[in-house]
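Worksheet for the structure shown next.
Readers should treat all values here as calculations from the given coordinates under stated rules, not as data from a laboratory. Fair warning: this is a prediction, and the values are worked out from it, not measured in the lab. Ideal geometry is used to build each Cβ from the backbone, glycine not excepted, and the neighbour counts take in all protein chains shown.
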């Protein structure tokens, strides 16, 4: 992780203003939770995130001095088969940070409904849709989503090779 690149990039977007502010479409799911997780964990721990109606994203970005993301025309959005998470990794030079190269295809596959990209993509997709159905408040959803992505990152960096194979004997078959 190159802190100089991160600092230079943040200064380019925000000047000396911290914490940074980011805005995207309301009712976040995969990418719109993964990107805030990435920013908070690797770029700006105090970053603020705003979720607004799609039609208001750019007006709110201008008014609040925020950077729009995950919407066409924003500095961080989908490009070809890549998702906004990929754009953040590239712009902030985080592709080599521990675990992120493992998470990127999972997030991309879940966010673009291409579950063949990574075996875990379908599980992340299901988890994200389930979480969205549990929380009406986008900030509450973000708070819970950060925990889910912390767990996914911990798996990618600490437990990826671990297997779970406990298989108890059926009743009547015990030794």
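Among 152, 89, 134, which one moves the most in a GNM of the chain with springs linking Cα atoms closer than 10 Å?
134
Compute the angle between helix 100-111 and the longest alpha-carbon principal axis of the chain, please, reported from 0 to 90 degrees and rounded to the nearest 10.
90
Give the calculated FRET efficiency between residue 160 and residue 48 to the nearest 0.05, with a Förster radius of 45 Å applied to their Cβ-Cβ distance.
That pair, residue 160 with residue 48, gives E of 0.90.
What share of the DSSP beta bridges in the range 3-156 is antiparallel, in percent to the nearest 5?
Antiparallel: roughly 10 percent of the beta bridges in the range 3-156.
Taking N as the number of residues in the chain, what is its Cα Rg relative to 2.2 N^0.38 Å?
Numbers: Rg = 18.0 Å, N = 175, 2.2 N^0.38 = 15.7 Å.
This ratio for the chain stands at 1.15.
Using helices alone, I'd like the mean residue ellipticity at 222 nm for the chain: each DSSP H run of four-plus residues gives -39500 (n - 2.57), total over residue count, nearest 500.
Details: 7 runs with 79 residues, N = 175.
Helix contribution divided over all residues of the chain: -14000 deg cm²/dmol.
Let me make sure I get this right: for the range 1-73, a, b and c are the square roots of the gyration tensor eigenvalues over alpha carbons, sorted descending. Under 1.5 in a/c it's rounded, otherwise prolate if a/b > b/c, else oblate. Which is it?
Judged from the Cα gyration tensor, the range 1-73 comes out oblate (a/c at least 1.5, b/c at or above a/b).
Test of understanding: what is the full-extension gain from residue 129 to residue 171, defined as 0.36 nm times their sequence separation minus their Cα-Cα distance?
Value of the extension gain: 11.5 nm.
What residue among 12, 99, 145 has the largest mean-square fluctuation in a Gaussian network model of the chain, using Cα springs under 10 Å?
Per the Cα network of the chain with a 10 Å cutoff, 12 tops the list.
Calculate how steeply helix 121-134 sits against the longest principal axis of the alpha-carbon atoms of the chain, using the helix alpha-carbon long axis, and give the answer as 0 to 90 degrees to the nearest 10.
Result, in degrees: 70.
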